[in-house]
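Some notes on the structure that comes next.
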Amino acid sequence: MKAKFWALVLLQVFLLAGIIGYRHYWLATGERVLLRTVPVDPRDIFRGDYVRLGYAISTLNLDRLEGEDKFVRNENVYVVLRKNADGSYSPTATLDTPPPGGRFIKGRVLSQTEGNRWEVTVRDDAGRRQTLEPRFFNHRRGERLSFCLNERNEVISFGNHSGCADPHWRPLTATIDEVRELRFNQLNVEYGIESYFVEEGQGKVLEAARSASDLVVEIALRRDGAGLITALFLDGQRLK
């Protein structure tokens, strides 16, 4: 009886050691990519000792990507990635089989729906016009608003306020010339990297970062496209 007990204990130890060893091998050999996060529901960001992460590639506009445009729930999807000038990666194509080469990440389809996005053309005080793409919009033509834009010209916030909370953001006060709500073919994907252990005291920092879209996650990619979180970066600084 004792022999069976100790055999079972040793088996569990070997299995645990194997899992830990494989994880370290994955971290050591996986190709590193940086993915930008997007805001998630603040009521559900924390689950025990983990922070919930949403990514720019979690919601894909299939009308803007190459490859397949028809998927079903729980199907594997392989998202081809391209490196941006700032070092982060963006999607270029969606495939239902692994590509023969290049960088890609493997995900699971949650749903394929019709999404909506906004194109808002504004005119500043000098008469210059530009088109912004906020995640949502509830104002009309002729209104005057203040926007806060990041270095990628993405809308972080807008409203009747003046100034921006972060000195890295660019303020823009302008009058709305045109508002267009557009429909697109949307694919919602999860990659198995949506949760991350948070050390005590880090939670509030990450909660603030998620709204500013300045939280970047480093991923180690396996050859089959599976991803594993290796680090989080806030304003370019690695979080310990």
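The values are calculated or read from the model by the stated rules, or taken from the named source; none is laboratory data. Worth saying up front: this structure is predicted, and the values here are computed from it rather than measured. Here Cβ is always computed from backbone atoms with ideal geometry, including for glycine, and neighbour counts include all displayed protein chains.
Which count do you get for residues in the range 93-110 that are more than 19 Å from Ala220 (Cα to Cα) and over 17 Å from the mean Cα position of the chain (by Cα)? Please lay out each step first, then the result.
Going residue by residue through the range 93-110, those that are more than 19 Å from Ala220 (Cα to Cα) are 93-97, 109-110.
Subsequent filtering for residues that are over 17 Å from the mean Cα position of the chain (by Cα) retains 95-97.
Total meeting the criteria: 3.
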Scan of the range 137-167 for residues that are touching a residue at least 60 places away in the same chain (Cβ under 8 Å) and surrounded by 13 or more Cβ atoms within 10 Å (Cβ to Cβ), ordered by number: Asn150
Are any residues in the range 179-210 at pLDDT 80 or above and farther than 25 Å from Gly225 by Cα, and if so, which ones? Val179, Arg180, Glu181, Leu182, Arg183, Phe184
Return a yes/no flag: does the range 51-67 have any residue that is out of contact with any Phe, Trp or Tyr (no Cβ under 6 Å at 6 or more places or on another chain), of a type in the set (Lys, Arg), assigned by TED's automatic domain parsing to the domain that holds Val189 and at pLDDT below 60. no
Looking only at the range 120-141, decide whether some residue is out of contact with any helix residue (DSSP H, G or I) (no Cβ under 8 Å at 6 or more places or on another chain), at pLDDT below 95 and part of a strand (DSSP E or B). yes
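Is it the case that Arg64 is out of contact with any Leu (no Cβ under 8 Å at 6 or more places or on another chain) and either surrounded by 14 or more Cβ atoms within 10 Å (Cβ to Cβ) or closer than 27 Å to Leu232 by Cβ (or both)?
Numbers: out of contact with any Leu (no Cβ under 8 Å at 6 or more places or on another chain): yes; either surrounded by 14 or more Cβ atoms within 10 Å (Cβ to Cβ) or closer than 27 Å to Leu232 by Cβ (or both): no.
Taking the combined requirement at face value, the residue does not satisfy it.
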Considering Ala93, Ala85, which residue is of a type in the set (A, V, I, L, M), under 28 Å from Asp214 (Cβ atoms) and without any contact (Cβ under 8 Å) to a residue 24 or more places away in the chain? Ala85
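Return yes when Arg73 is at pLDDT 85 or above and in a strand (DSSP E or B) and no when it is not. Before the answer, list the steps.
Numbers: at pLDDT 85 or above: yes; in a strand (DSSP E or B): no.
No: the conditions fail for Arg73.
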